[in-house]
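A.B. asks: Structure incoming, see below.
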Amino acid sequence: MTISPDQYEKLGAFYLGRGYDLETKQLQDDLILYDSKDLVTHGVVLGMTGSGKTGLCLALLEEAAMDGVPLIAIDPKGDIGNALLTFPNLTAEEFKPWVNTDDARRKGISVDDFAAQQAGLWQKGLGDWGQSSARIQKLRETVDMAIYTPGSNAGLPVSILSSLDCPPVEVMEDGETLGDRIESTVSSLLGLMGIEADPVQSPEHILLSNIIAHCWKKGQNVSLENLVRHIQQPPLRKIGVVDIDTFCPEAKRSALAMKLNNLIASPGFATWLEGEPLNIQRMYYTEDGKPRITIFNIAHLSDSERMFFVSLLLNQLLGWMRSQQGTTSLRAMFYMDEIYGYLPPSAMPPSKKPMMILLKQARAFGLGILLATQNPVDLDYKALANIGTWWIGRLQTERDKARLLDGLEGAMSGSTAFNRKEMEVAISGLGNRVFLMNNVHEDGPVIFHVRWIMSYLSGPLARDQVKRLMDPIRPSKKSAAASEDDGFLPPGATSAPAADRNTMKPKLPEGTAEFFLPSEVSPDTLCYVPAILRSAVVNFDDARRKITGQSRVTLVNPIDIDNQRVLWDKFVEIPRDVDLSKWDSSATDGAEFTDLPGAAMKSSTYTSIKKDYNDWVYANHTLQVSFSPLLDAYSNPGEKVDEFKARITQTARELRDQAIEDLRTKTSKALKSLEEKAIRAQTKLDTQKSQATSAKLSTAVSIGSSLLGAFFGRKGGLASVAKASTVTSAARVMREHQEASAAEAELERVQAEIAELEKQLADDTQKIRDQYDPTSLVLETSKLPPVKSKIQPDAIGILWLPHERTGAELRKAWVS
């Protein structure tokens, strides 16, 4: 069978393989195209080692990438990183660095020859399944792929610092979800410290939970350093109705603080704080809105470290999910390979609660969950009852099979399509790369053979292989000098020795805004340096585009103390959408302050700055909005390009899915009518053929009687009657034959109409897919000026920048 791309390359359809006959062990002609929309109700892949489970999961990953659906994957073994081993030219040179040299040695051939064999194998395998190097190239162009290695620099490092930040408002307003997040976070953190704690009985767990809840409810982020201090000196006086010292004595708190401090101070833990923050939006999309396949390789971590990271990631994913709009189309995917130990049937590890919440709630937000394991008996089937698609491969034991059938039967409770005996027979006959797919959205299970995947299966990636893959895209490290220049060290710092430190804050004119950037520096070495702060709320109103909104414009300029002037042409880096309420309103006790120029002590200075800033904002600041001509949609004020692109891409998917569903509904009525006509025509044809056969037989009998009469010399009267009868029968035969031909022609006509309607349906469906293809969405950009009368400078004053003093040197001590 020859397969062409136009048979499977359809948006919203995942090309997984071809039908497979278990009795004949032969591939069938029907392609297995899985509706991506069905993955909104989640999927699970079950199969023993050697069943082809990894290949199927990579096929699903590749199809998601081809469809522009972003995906985050947790890779406990290092297998999923093979998704990056895609070679557009399919040459031996591309394969050579990744082939297993031991395999080449066992075969008694050189590495070059083995690489050439593998390249040829992949060329043939892809060709047999109707794929080419052009599809690989398109895959690489459609998505950005990266491997992150938390706690290691082998891949891209990822910082967990933001994982203890205050959750989104959607989580904070849901008491149950907030409680689950705190419990999971604390349990995983204590596990990393080597403490097994009961959330209900353990004083350590309860103390940390209350501290984190206290900070989050006040809108404060939590850092590990702050957590150490809060353990030693809790920000609350009571736990429940018991005072803090009775509930958890100071000695016990000090021991807990020391354990956490030792963890933070350990050399190996430093890598957990390096790299990009664990920002789910950025893990799903690049800054310019390109979808990403982000793989977190945790093969190098210990069991406690794995649990710690997985729990943090799941909680971050929950927070991101809650901030999205509801949808019935597939927005993004989360895939975890080898789920064993993270969703057990009876125990309650920190990962289990967030995972169960995702399985129950993620479908409402278009987040598809894909889980995989080779140990079915180690899964919580109550949680998996929420899963709509089960891919079942070869299983190892009868116990695995029985447990799987129990779970599958529970997931399909109330469905008449489930036949346990037939299912058991089918599962017993599965072979390598052959799977049973049971999709609750389809009429019954399907047996299929997984297609040849585009990624090269090199086996679990070693540390040096991950490093080799990521080095070309790894951000270059800045030198220490460059880092200081980027932070811009203001020249107003004094070099006074510690004994002469000025800890008296200069007094500003009444009504002048004053903020302090947060810092973790000890008060003994903390020195505040002043900078001019200008911030205004800017309103925009465009009736034609129906855009109304506001944004905050904040600028911070350093002050040259020696020359008594503001460096208006230089700026201190701060987040573009900074929330001033996150800054401190008072200084850290005991900190040092540099001098403030005399002009900065006068109210008239800030009045002039305010008026000038109002004019500057009107002249220089515009609201840049993106526009999608296809959807006639504008970005919202403050919405980033990647967020807008992700939103309209999802809207396009929803419109596509709905349009296809409407088309199918409309066409199904006409198709059903034609099918009924075909049945009637077939019945009529069968009747006419039966009557024609009967007429022929009757005529043959009449002719036979005439011949017999002539042979035996019957009387003429009988012969003439027989002759007349023969003529009549012949006419009836002719008539019945004509009517049978007419019935056959009618059936052929109806069948032709059905074929034409099916072709029209396929053509119209493809037009809809092309119309709403996310990769073809064009964005236009326009700029809106602010409403001058509605520019409101509401924070004009001084921002104190924290620095750490080391001898006579001051170093920047805040995060931009």
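The values are calculated or read from the model by the stated rules, or taken from the named source; none is laboratory data. For clarity, every value in this text was computed on a predicted model and none was experimentally measured. Methodologically, a virtual Cβ is constructed for each residue, glycine included, from the backbone with ideal geometry; neighbour enumeration extends over all protein chains shown. Heads up: the accessible areas ignore ligands, DNA and RNA and are worked out on the full protein's heavy atoms, side chains in. Shrake-Rupley method; radii C 1.70, N 1.55, O 1.52, S 1.80 Å.
A.B. asks: Under the rule of at least 5 residues apart or a separate chain, name every residue whose amide H is placed under 5 Å from the amide H of Glu276.
C.D. replies: So Glu276 has HN proximity to Ser159.
A.B. asks: Could you pull the accessible area for Asp380 with a 1.4 Å probe, rounded to 10 Å²?
C.D. replies: Rounded to the nearest 10, the figure is 10 Å².
A.B. asks: Which trypsin sites (Lys or Arg not before Pro) from segment 25-117 combine a DSSP loop assignment with at most 14 other Cβ atoms within 10 Å?
C.D. replies: The qualifying sites are Lys25.
A.B. asks: Can I ask one more? Sorted from largest down, give the three principal axis spans of the alpha carbons of segment 75-191, whole angstrom values.
C.D. replies: 61, 31, 21
A.B. asks: Go through segment 171-179 residue by residue and turn each phi into a ³J(HN,Hα) via Karplus (6.51, -1.76, 1.60, θ = phi - 60°); whole Hz please, and just put x for glycine and proline.
C.D. replies: 7, 4, 7, 10, x, 5, 5, 4, x
A.B. asks: For the pair Phe269 and Ala599, what calculated FRET efficiency results from E = 1/(1 + (r/R0)^6), where r is the Cβ-Cβ distance and R0 = 41 Å, to the nearest 0.05?
C.D. replies: In this case the efficiency is close to 0.30.
A.B. asks: Shifting gears a bit: Which whole-Hz couplings ³J(HN,Hα) result when phi for each residue of segment 184-190 is put into the Karplus expression 6.51 cos²θ - 1.76 cosθ + 1.60, θ = phi - 60°, listed in order with x for Gly and Pro?
C.D. replies: 5, 5, 5, 4, 5, 5, 5
A.B. asks: Measure off 7 Å from each Cα along the Cα-to-Cβ vector at Lys382 and Thr665, then give the distance between these two points in nanometres to one decimal.
C.D. replies: 3.7
A.B. asks: Give the lysines reachable from Lys672 as a straight Cα distance under 26 Å; neighbours fewer than 8 places away on the same chain don't count.
C.D. replies: Lys10, Lys37, Lys684, Lys689, Lys759, Lys767
A.B. asks: Not counting ligands, DNA or RNA, and with a 1.4 Å probe, what is Ser266's accessible surface area in Å² rounded to the nearest 10?
C.D. replies: Looks like 40 Å² after rounding.
A.B. asks: For helix 133-142, what angle does its Cα long axis make with the longest principal axis of the chain, in degrees from 0 to 90 and rounded to 10?
C.D. replies: For 133-142 against the chain, the angle is about 40 degrees.
A.B. asks: Taking 0.36 nm per residue of separation and subtracting the Cα-Cα distance, what length does fully extending Lys290 through Gln201 add?
C.D. replies: Separation in residues times 0.36 nm, less the Cα-Cα distance, equals 27.4 nm.
A.B. asks: Among the listed pairs Lys138/Lys467; Lys611/Lys640; Lys546/Lys790; Lys290/Lys640, give every one whose C-alpha distance is greater than 20 Å.
C.D. replies: Lys138/Lys467; Lys611/Lys640
A.B. asks: Here is a follow-up. Treating only the Cβ atoms of Lys and Arg (+1) and Asp and Glu (-1) as charged, compute the dipole magnitude of segment 591-686 about its Cα centre; round to the nearest 20 debye.
C.D. replies: 660
A.B. asks: Heavy-atom accessible area per residue, the chain, 1.4 Å probe: how many Å²?
C.D. replies: It amounts to 47 Å² per residue over the chain.
A.B. asks: Carbon and sulfur atoms: what percent of the 1.4 Å accessible area of the chain do they account for?
C.D. replies: Answer for the chain: carbon and sulfur cover 51 percent of the accessible area.
A.B. asks: Treating the angle as unsigned and between 0 and 90°, give the value, to the nearest 10°, between the Cα long axis of helix 641-712 and the longest Cα principal axis of the chain.
C.D. replies: Between the helix axis and the principal axis of the chain, the angle is about 10 degrees.
A.B. asks: Out of segment 218-284, which trypsin sites (Lys or Arg not before Pro) are coil in DSSP terms and have no more than 14 other C-beta atoms within 10 Å?
C.D. replies: Loop-located and lightly packed - Lys218, Arg237.
A.B. asks: Which FRET efficiency, nearest 0.05, do Lys507 and Glu250 yield, Cβ-Cβ r, R0 45 Å?
C.D. replies: 0.75
A.B. asks: If I model a spin label as a point 7 Å beyond the Cα along the Cα-Cβ vector, how far apart are those points for Asn262 and Thr806 in nm?
C.D. replies: For Asn262 paired with Thr806, the spin-label model returns 2.7 nm.
A.B. asks: OK, next. Which lysines does Lys421 reach when only Cα atoms under 16 Å apart count, and residues fewer than 8 places away in its own chain are ignored?
C.D. replies: Candidates past the 8-residue exclusion: Lys401.
A.B. asks: Spin-label point model (7 Å from Cα, Cβ direction): what's the Arg474 to Thr683 distance in nm?
C.D. replies: Using points 7 Å along Cα→Cβ, the separation is 7.4 nm.
A.B. asks: Divide by every residue of the chain the summed helix terms, -39500 (n - 2.57) for each DSSP H run of at least 4, and state the resulting mean residue ellipticity at 222 nm, rounded to the nearest 500 deg cm²/dmol.
C.D. replies: -14000 deg cm²/dmol
A.B. asks: How would Trp568, Trp390 line up by accessible area, probe 1.4 Å, largest first?
C.D. replies: Ranked from most to least accessible, the order is Trp568, Trp390.
A.B. asks: Now for a separate question. Which length gain, in nm to one decimal place, applies between Gln738 and Glu753 when the Cα-Cα distance is subtracted from 0.36 nm times their residue separation?
C.D. replies: Computed gain between Gln738 and Glu753 is 3.1 nm.
A.B. asks: Something else about it: Can you give the relative contact order of the chain as a percent, counting alpha carbon pairs under 8 Å and 6+ residues apart?
C.D. replies: 17
A.B. asks: Checking the cross-link filter: which lysines have an alpha carbon closer than 25 Å to that of Lys107, excluding same-chain neighbours under 8 positions apart?
C.D. replies: Filter leaves Lys96, Lys124.
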